[in-house]
Amino acid sequence: MSQGAEPVSYEGVPRGVPVQSASGSPFGTLDKVLEIPSEDLFDGVIVKTRHGHRFVDRDQISEITTEYIRCTFDDAAAANLPEPSGTGNYDADAGYGEGNTFREWVHRTFGHGGWKRE
């Protein structure tokens, strides 16, 4: 872990942090955190890359911090990640995060969640 990076839940990772391969090489930035709200499960992330948006499954993520997300695959695999449409389409749920619970505040504050699989 780099100096200053603190481990954090998928719910608190800042949007726009670098997403890295296992070697630590960044290949994009965090665009969206995907979850299954009904089951309170982390599903993966959508990464903005120079080649467009790519999907990283939760099982491919080894570390989430305040300054980066590190994945388990090498640089070659990072270049061949699927587009989000390859794993389902995700659209914003307009009512997500509304309310007064702490969880809803986190989603409003960090801009995560609220993406449902169609």
### Task
Select from segment 1-35 the residues that are part of a strand (DSSP E or B) and either closer than 21 Å to residue 79 by Cα or without any contact (Cβ under 8 Å) to a residue 12 or more places away in the chain (or both) and list them in ascending order.
18, 19, 20, 26, 27, 28, 29, 30, 31, 32, 33, 34
### Query
Taking segment 46-82, which residues are within 16 Å of residue 11 (Cα to Cα) and out of contact with any strand residue (DSSP E or B) (no Cβ under 9 Å at 6 or more places or on another chain)?
none
### Query
Within segment 1-46, restricting attention to residues that are among the charged types (D, E, K, R) and closer than 15 Å to residue 66 by Cβ, which residue is surrounded by the most Cβ atoms within 10 Å (Cβ to Cβ)?
11
### Task
Kindly indicate whether residue 36 is at pLDDT 95 or above and not hydroxyl-bearing (Ser, Thr, Tyr).
no
#### Entry: Scope segment 9-55; condition among the small types (Gly, Ala, Ser) and touching a helix residue (DSSP H, G or I) at 6+ places or on another chain (Cβ under 9 Å); matching residues
9, 12, 21, 22, 23, 25, 28, 44
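The values are calculated or read from the model by the stated rules, or taken from the named source; none is laboratory data. A quick note: this is a predicted structure, and the numbers were derived from the prediction, not measured. A quick note on method: Cβ atoms are made from the backbone with ideal geometry, for glycine too, and the neighbour counts reach across all protein chains shown.
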